[in-house]
Structures are given as structure tokens and as C-alpha cells.
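Asker: Can you keep this structure in mind? I'll have questions shortly.
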Amino acid sequence: MKITINHLAKIEGHAGFFADILNGDIKNAKIKVKVGARLIEGIVLNRNYVETPIVTSRICGICSVAHNLTSIKALENAFNIKITPKAEILRKILFLAEPIQSHATHLFFLSLSDFFKYDNDLDLIKKYPDLTKKIVSIRDFGNRIKEVIGGRDMHLLSTEIGGFRKEPEEKELKKIYFAVDKVLEEAIVVAEFFKKLNYPDYERKIELVGLVGKNEYSFYKGEMKTSSGEKTSIKSFYKELSEEQTNYDPTKRVKHKGREFMVGAIARLNLSHSLLNPEAKKLLDFFGSKKTGNALITKNTFHNIYAQAVELVHCAEEVKNLLDNYFKDKSKILLVKYRMRNGEGLAATEAPRGTLYHYYKVDRYGIIRECNIIPPTAQFLDSLENDLEKYLSEAEIKNGEDRKRKINMLVRAYDPCMTCATH
Amino acid sequence: MKKKLKLVIASMTCCEGCQVEILNLGERLLNIFEIFDLGNFSWVKEKEEIDYYDVALIEGTPLTDEDIQSLKELRKKSKIIVAMGTCAHLGGVQEIKNYTENRKNEKAKYVYSKYQRIENKVVVPLSKIVKIDYVAPGCPINKDELYNILCDIAIGKSPKIAPRPVCFECQNNGYPCLLQKGEPCLGPITLGGCDAVCLKSNRFCYGCRGPINAKSPIIKRHLENIKKLVGEKYLAEILETFGAEDDFIK
């Protein structure tokens with residue numbers, strides 16, 4: 001017997017789910033991605049590097065900031081450019097704005113209906129008008145930051161190799177600064193709401209991987225860390241990754257030393273929860289009081305949803321911290337001059353869905369000669385399939401009536417982006 | 001009360017950013033849900049089988065057989081189709097591969113070891129496959145413009161975009177002219193309506209909204225000037241960035 005869901009709604013991009021049922025157990029669970037191959041790595045090739053971050057931004061409409069800035073950072077590494085501390089603060093703020101917008105979207109529009117067995121978010125909007133308003137306000141806040149610093153709420157315009165083409169207006173930044181407290185309150189209410197949801201009781205041990213900052217819960221810079229305790233540079237970790245094309249869809253599945261792993265909010269939270277801001281840290285009581293220190297706080301993949309809610313609060317707090325630093329810095333330069341040269345550059349950041357790698361090799365005329373991009377979803381699709389097999393084979397699900405809903409729920413808990421996964 | 005118009009928001013292959021821009025309408029998104037009867041929108045609801053739509057907003061380019069089939073089905077079912085964003089309108093960044101030699105294989109071979117398994121079609125805008133009624137241009141769309149288009153459709157008016165170049169809004173907004181600074185800006189020949197958002201960030205116009213009037217001799221003249229400025233090769237790369245070269249040079 002087979003289970004088939006041809007169209008998985010409420011994920012970014014198109015995909016279906018296919019599996020066999022053998023003696024009641026689920027085998028060969030497959031997520032088949034149905035997005036066309038845009039060949040982004042191929043099309044930036046043999047062209048001028050200047051347009052590369054413009055093109056790669058278009059890999060994804062919901063994490064365009066991460067693609068644009070990771071691309072820029074990799075090219076800066078190729079040319080050995082050091083941006084100013086002030087420009088770095090602005091980039092870090094952009095890297096908070098994106099999870100604010102993306103997580104709020106995923107939490108409310110894509111995931112929440114599953115907990116109430118609604119097929120349509122309009123039912124959710126009707127039932128929870130106050131929560132809806134808060135989500136809209138939080139999303140607007142994230143987008144506003146991107147507009148003020150990046151020039152637009154998507155596919156940023158002011159970001160550039162070497163820093164920023166234009167300084168954000170101080171008046172507008174101040175408005176953001178004074179809006180933080182309200183948004184933070186709203187984010188806490190949202191997180192408390194997600195704390196009370198009934199998450200399926202499920203666990204599986206998966207290797208968790210993410211970028212960990214020196215003294216900060218990092219999205220923009222850091223070193224690679226794994227839940228089994230490895231700590232290594234981005235470069236050596238990247239070398240240990242392998243990509244393999246499937247036989248049935250246009251994605252490549254990524255393994256670390258030949259093994260599956262998971263990235264995203266749940267990985268970051270497990271690896272860096274001691275670095276969360278105070279209000280976000282309070283929300284860890286959800287995981288029980290025993291789980292403190294540097295121990296893993298959860299192995300339940302469904303908690304990726306709650307981890308996003310915690311990050312929402314953390315990011316709102318961090319916007320304020322970083323703006324404080326920005327206002328203190330009275331230096332003027334946001335764009336450094338550089339000399340183009342031949343070289344290669346790699347960068348990794350934390351996009352909302354997990355670690356994102358961009359790699360380029362540029363010749364002395366500024367022409368891109370090599371390009372490789374590894375998005376988060378390509379890294380966790382294997383884990384998602386393994387989770388689906390295990391979860392769906394558990395007794396209470398096996399015989400349950402709404403198995404299809406459970407499949408959707410687990411897929412959405414991962415927050416996959418098939419558009420990125422294919423690119 | 002008048003019956004609400006049935007709306008579908010659908011996606012071919014692309015970054016899905018234009019759909020995200022619809023979500024980014026914020027409170028106005030809730031208005032859209034009030035004004036229209038939401039048929040399908042995969043960011044917001046499970047898929048439903050529906051036979052008829054009054055309005056279809058479609059983003060992306062058809063890159064797979066399944067894309068093409070679903071586009072043709074949407075045409076059969078829909079009274080009005082709005083091509084949403086540069087991909088649907090002109091081809092988008094993925095169309096860059098059309099402009100390179102050996103496009104069928106070289107790019108796919110670089111990205112995939114089993115490249116024969118990859119559907120690798122020539123990238124075309126929606127209008128090459130089905131009839132399109134209106135366009136909301138831009139990469140991404142200007143969400144305010146799209147909202148106006150939807151409001152017009154809701155009251156039975158034909159949406160129109162004023163035939164003014166990007167320069168018009170740029171000057172209105174008082175941004176410094178990048179062309180005068182010697183940058184290869186396509187503002188004078190590109191359809192406005194974006195509020196010159198790129199110029200606001202001190203970035204020249206790449207023409208993502210397409211030519212203001214494809215037949216105008218001004219386009220040819222301007223491109224000649226840009227060619228003198230940056231050379232033929234770089235001009236081609238600028239025009240190709242959003243898949244618009246074949247739209248500017250007919």
C-alpha cells in the first residue's frame with residue numbers, strides 16, 4: 001500500500017509526499033520537490049561579480065536578506081575586504097529582521113492551523129483576531145527594518161560589497177528603536193500562546209548543526225558547532241559536507257561526513273540557548289527546569305515551531321541592543337573602497353531556516369568562475385524523511401484517522417523551503 | 001450584497017517573493033480576504049478543487065511540464081489573469097540562461113551530475129504560453145500597485161499603470177540622477193510605478209519592470225548611449241539580469 005500527498009500546501013515552493021506501508025510501518029518516505037531548476041549557480045557563472053548578489057537574492061523571497069548578504073560576504077572574503085564595525089551592526093540588524101518576518105509568517109500562517117485542525121487560516125483569523133493583529137504588527141516591524149536599512153522589504157537595494165550604498169535615515173532608525181518595546185510585548189504574547197499548544201509527544205536523536213557566535217546568539221558570524229560537541233571553522237565544516245542529487249527531484253541532499261543532520265531554529269536554540277536575551281531566556285521554562293546549562297533542551301522536532309517563537313522574542317530584544325550600539329558609533333563610513341582581485345570566498349550565516357553557505361571563485365577580471373550554494377532545506381530534507389518514517393510508524397499515529405494531517409504537521413514543523421532547496 | 005469575486009494566487013517556478021509581498025500588505029491583506037472570496041493561496045490554506053476563478057494572480061515562470069499544465073488549467077478556469085512580477089512578465093533572473101551559448105546543457109551540467117534528469121526548458125514569460133490580461137511588473141512587485149490593481153478589478157474597472165518612466169518618480173522624489181554621474185541607469189526607458197525604489201538606495205535602474213514603450217526610438221538611442229558608457233558586454237549583462245534583454249531590444 002502507498003500513501004500519497006501530491007501537493008503539500010503551506011510550505012514554500014511545491015512538493016509532494018510519497019511512502020509505502022509495509023506491515024503497518026511506513027517505509028521509503030520521500031519528499032519529492034516539484035520546483036523547476038533555475039540553475040542559479042550556473043547562471044551567475046562567467047558573468048561579472050557585481051550582479052551576483054542581486055541574482056542570488058532571488059533564490060528566495062522569504063529569506064532574500066540571507067542570500068543577498070551571504071553572497072556579498074563570500075565575495076568580500078574573496079577580495080579580502082573588511083567592512084566597518086558600523087556597517088556590520090546594520091547587517092546584523094537585517095539578519096534579525098528576517099527571522100522576525102519569516103518566523104512570524106511560519107508560526108501563524110503556515111503552522112498554527114494544524115494545531116486546531118483548520119484547513120484555512122481565515123478560520124484562524126476569525127477565531128483569534130487579537131493574535132492576528134499582533135502577528136501582522138510583528139511582520140510589519142521586521143519589514144520596516146528591511147525598508148529603512150535595506151531600501152526595501154525584500155531583495156535589498158542598499159546592501160553592497162564593502163558595506164552599504166546609502167546610510168539609513170537616523171530619524172527612521174529612531175522610530176524603529178522606539179517601536180521595539182511594543183513589538184517585544186507582542187512577541188512575548190505570541191510566544192506564550194505557542195507555549196500552550198499541544199505539541200505531539202515525539203523524539204528522535206538527530207545531529208544538530210549551526211553557527212555559534214563568540215558571545216552572542218548569532219545569525220551573521222561565528223563558528224560551526226554540532227550537538228555532538230564538535231566545534232570547527234566554517235571552512236573545515238564546509239569541506240566535510242557532501243551534496244548528492246536524488247533520482248526523483250531537482251534537489252541535492254546534503255550530508256555531513258556522510259550522515260544526516262538538522263539545522264534551523266531548533267538547532268540554534270539547542271546549541272546557543274545560554275546566549276539568549278533575558279526575555280527569550282524566560283521562555284525556556286517550557287522545556288522544564290532540569291534542562292539548564294549547555295545540555296540539549298529538546299529532541300522533539302515539533303519544537304522547532306516553539307524555538308522560532310523564542311527566537312522572535314530574542315530578535316526583538318537584540319534589535320534594540322544593536323541599535324544602541326549603532327547610535328553610539330559616530331563614525332561616518334559605511335562603504336569601504338576595495339581592490340578587486342582573483343580569489344575564492346566562502347561565507348556561512350544563519351538564515352531563518354538554518355545555515356546557509358555561499359562559495360565563489362572569482363578571476364582577476366571579476367568574472368565568477370565557480371559558485372556553490374548550500375541552503376538550509378537541502379541539509380535537513382533527509383532528517384525530515386527519517387522523522388516522517390519514525391513518527392508515522394508509532395502506534396497512535398499508525399491507526400489514527402488523520403494521518404494525512406499529521407504528515408503535513410511534521411513537514412511544516414521543519415518549515416522547509418523548496419524554492420531554496422532547488423535554486 | 002454583490003457576490004464576491006473568486007481569487008486564486010498561484011505560483012510557477014520562482015522565488016515566491018511576489019506572494020510574500022502580498023502577505024507583506026499587512027492589514028490590507030485582511031482587506032483582500034474581505035473583498036475577495038479566496039479560492040486557493042497555498043500560503044494560507046490547504047488545496048481545494050475549484051472550477052472557476054474571477055481573478056488569478058500568477059507569479060513565476062513555467063520551468064516544468066507540471067508548471068505548464070497548471071498554467072493552462074488556470075487559464076481555462078479564470079476570467080482574468082494578472083501576471084505578477086518580473087518572472088511572469090519578462091522571464092526574471094532565471095532567463096539569464098537563455099542568453100548564454102549551449103544553454104540547454106552547459107548550465108545544467110555545471111549544477112547537476114545527473115543533468116539529463118533535470119527539466120531544462122527555455123525560460124519564457126507567461127504570455128508566451130497563455131493570454132495574459134494585466135501585468136503587475138517588478139522584481140518584486142510593488143505591493144501598493146498590486147493592491148490598487150486588485151481594488152480596480154473588484155469594482156469592475158480596468159487597472160492601468162501610468163505610462164511614465166522611472167525617471168519621473170525619481171525626479172519627483174528628488175533623488176540624485178545617477179545617469180548624470182555616469183552610471184548606466186535604465187530609468188529613462190523603464191516603465192515607472194516602482195516609486196524609483198532602487199534610486200532611493202543609490203542604485204541604478206536595471207529595467208526589471210520592462211520597457212516603457214517597446215516601439216519608441218528613445219529606447220534604442222538610450223541603449224546606444226549606455227553602450228558608449230560601459231561597453232556592449234556589460235550593457236548586455238545589465239539587460240539580462242532580469243531577463244529583459246529581449247524585451248528592450250526587439
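The values are calculated or read from the model by the stated rules, or taken from the named source; none is laboratory data. Keep in mind the model is a prediction, meaning the values are calculated, not measured. Note that each Cβ is placed from the backbone with ideal geometry, even for glycine, and that neighbours are counted across all protein chains shown.
Asker: Would you list the helices (runs of 4 or more DSSP H) that sit entirely within segment A:341-423 and hold 1 or more residues that are more than 19 Å from residue A:305 (Cα to Cα) and of a type in the set (Gly, Ala, Ser)? Before the answer, list the steps.
Answerer: Values: elements: A:376-393, A:395-398, A:403-414, A:418-422.
Filter on segment A:341-423 gives A:376-393, A:395-398, A:418-422.
Asker: So, one more: Give the residues of segment B:16-40 that are within 9 Å of chain A (Cβ to nearest Cβ) and in contact (Cβ under 8 Å) with a residue 24 or more places away in the chain, sorted by residue number.
Answerer: Applying the first criterion (within 9 Å of chain A (Cβ to nearest Cβ)) to segment B:16-40 yields B:16-21, B:23-24, B:26-27, B:29-30, B:33, B:38, B:40.
Listed by number, the residues that qualify are B:16, B:17, B:18, B:19, B:20, B:21, B:24, B:38, B:40.
Asker: Moving on. Does residue A:238 satisfy being of a type outside the set (S, T, N, Q), in contact (Cβ under 8 Å) with a residue 12 or more places away in the chain and either within 14 Å of chain B (Cβ to nearest Cβ) or in contact with a Lys or Arg (Cβ under 9 Å, 6 or more places away or on another chain) (or both)?
Answerer: On the way: of a type outside the set (S, T, N, Q): yes; in contact (Cβ under 8 Å) with a residue 12 or more places away in the chain: yes; either within 14 Å of chain B (Cβ to nearest Cβ) or in contact with a Lys or Arg (Cβ under 9 Å, 6 or more places away or on another chain) (or both): no.
Here the answer is no, as residue A:238 does not meet what is asked.
Asker: Specify which of the listed residues (B:178, B:150, B:235) is at pLDDT 95 or above, more than 27 Å from residue A:38 (Cβ to Cβ) and either more than 19 Å from the chain's Cα centre (by Cα) or outside any helix (DSSP H, G or I) (or both). Steps first, please.
Answerer: Details: B:150 fails: either more than 19 Å from the chain's Cα centre (by Cα) or outside any helix (DSSP H, G or I) (or both); B:235 fails: more than 27 Å from residue A:38 (Cβ to Cβ).
Exactly one of B:178, B:150, B:235 is at pLDDT 95 or above, more than 27 Å from residue A:38 (Cβ to Cβ) and either more than 19 Å from the chain's Cα centre (by Cα) or outside any helix (DSSP H, G or I) (or both), namely B:178.
Asker: Additional query: For segment B:96-128, which residues satisfy the criterion of being under 26 Å from residue A:32 (Cα atoms) and either more than 9 Å from chain A (Cβ to nearest Cβ) or aromatic (Phe, Trp, Tyr) (or both)? Lay out the reasoning, then the answer.
Answerer: Kept after step one, since they are under 26 Å from residue A:32 (Cα atoms), are these residues of segment B:96-128: B:97, B:103-126.
Selection gives B:103, B:104, B:105, B:110, B:112, B:115, B:116, B:122, B:124, B:125, B:126.
Asker: Please go through segment A:339-377 and give me each residue that is under 21 Å from residue A:218 (Cα atoms) and surrounded by fewer than 24 Cβ atoms within 10 Å (Cβ to Cβ), ordered by number.
Answerer: Within segment A:339-377, the subset under 21 Å from residue A:218 (Cα atoms) is A:345-359, A:373-377.
Scanning segment A:339-377 gives A:345, A:346, A:347, A:357, A:359, A:373, A:374.
Asker: Would you point out which residue out of B:151, B:177, B:194 is at negative phi and surrounded by 19 or more Cβ atoms within 10 Å (Cβ to Cβ)?
Answerer: Values: B:151 fails: surrounded by 19 or more Cβ atoms within 10 Å (Cβ to Cβ); B:177 fails: surrounded by 19 or more Cβ atoms within 10 Å (Cβ to Cβ).
Being at negative phi and surrounded by 19 or more Cβ atoms within 10 Å (Cβ to Cβ) holds for just one of B:151, B:177, B:194, which is B:194.
Asker: Residue A:254 fails exactly one of the following numbered conditions: (1) surrounded by fewer than 16 Cβ atoms within 10 Å (Cβ to Cβ); (2) modelled with pLDDT of 95 or more; (3) touching a strand residue (DSSP E or B) at 6+ places or on another chain (Cβ under 8 Å). What is the number of that condition?
Answerer: Status for residue A:254: all satisfied but (1).
Asker: Related question: List the strands (runs of 3 or more DSSP E) inside segment B:1-93, counting only whole elements, that have at least 3 residues being under 26 Å from residue A:58 (Cβ atoms) and modelled with pLDDT of 95 or more.
Answerer: Values: elements: B:5-11, B:36-41, B:53-59, B:78-84.
Per the criteria, B:5-11, B:53-59, B:78-84.
Quick grid of which residues meet (1) assigned to a helix (DSSP H, G or I); (2) free of Cβ contacts under 8 Å to residues at least 40 places away in the same chain; (3) under 23 Å from residue A:372 (Cα atoms); (4) of a type outside the set (Val, Ile, Thr):
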| position | (1), (2), (3), (4) |
| --- | --- |
| A:73 | yes, no, yes, yes |
| A:82 | no, no, yes, yes |
| A:111 | yes, no, no, yes |
| A:138 | yes, no, no, no |
| A:142 | yes, no, no, yes |
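Asker: Restricting attention to segment A:46-61, and to residues there that are in a loop (DSSP other than H, G, I, E, B) and under 22 Å from residue A:339 (Cα atoms), which single residue is nearest to the other protein chains (Cβ to nearest Cβ)?
Answerer: Of all residues in segment A:46-61, those in a loop (DSSP other than H, G, I, E, B) come to A:46-47, A:58-61.
Still in the running and under 22 Å from residue A:339 (Cα atoms): A:46-47.
Details: A:46: 7, A:47: 6 Å.
Among those that are in a loop (DSSP other than H, G, I, E, B) and under 22 Å from residue A:339 (Cα atoms), it is A:47.
Asker: Report, ordered by the first and then the second residue, all pairs with beta carbons closer than 7 Å, sequence separation of six or more or different chains, a first member in segment A:146-164 that is facing chain B (nearest Cβ under 9 Å), and a second member that is hydrophobic (A, V, I, L, M, F, W, C) and assigned to a loop (DSSP other than H, G, I, E, B).
Answerer: Pairs that qualify, where the first residue is facing chain B (nearest Cβ under 9 Å) and the partner is hydrophobic (A, V, I, L, M, F, W, C) and assigned to a loop (DSSP other than H, G, I, E, B), are A:150/A:156; A:150/A:157; A:151/A:157; A:155/B:139; A:164/A:334.
For every residue, the table says whether it meets (1) modelled with pLDDT of 95 or more; (2) within 27 Å of residue A:166 (Cα to Cα); (3) among the hydrophobic types (A, V, I, L, M, F, W, C); (4) in the same structural domain as residue B:123 (by TED's automatic domain parsing).
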{"residue": "B:194", "(1), (2), (3), (4)": "yes, yes, yes, no"}
{"residue": "B:199", "(1), (2), (3), (4)": "yes, yes, yes, no"}
{"residue": "B:202", "(1), (2), (3), (4)": "yes, yes, no, no"}
{"residue": "B:215", "(1), (2), (3), (4)": "no, no, no, no"}
{"residue": "B:239", "(1), (2), (3), (4)": "yes, yes, yes, no"}
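Asker: Scan B:111, B:93, B:122, B:55 and give me the residue that is surrounded by fewer than 17 Cβ atoms within 10 Å (Cβ to Cβ) and either aliphatic (A, V, I, L, M) or touching a Gly at 6+ places or on another chain (Cβ under 8 Å) (or both). Walk me through it before giving the result.
Answerer: Details: B:111 fails: surrounded by fewer than 17 Cβ atoms within 10 Å (Cβ to Cβ); B:93 fails: surrounded by fewer than 17 Cβ atoms within 10 Å (Cβ to Cβ); B:55 fails: surrounded by fewer than 17 Cβ atoms within 10 Å (Cβ to Cβ).
None of the others qualify; the one that does is B:122.
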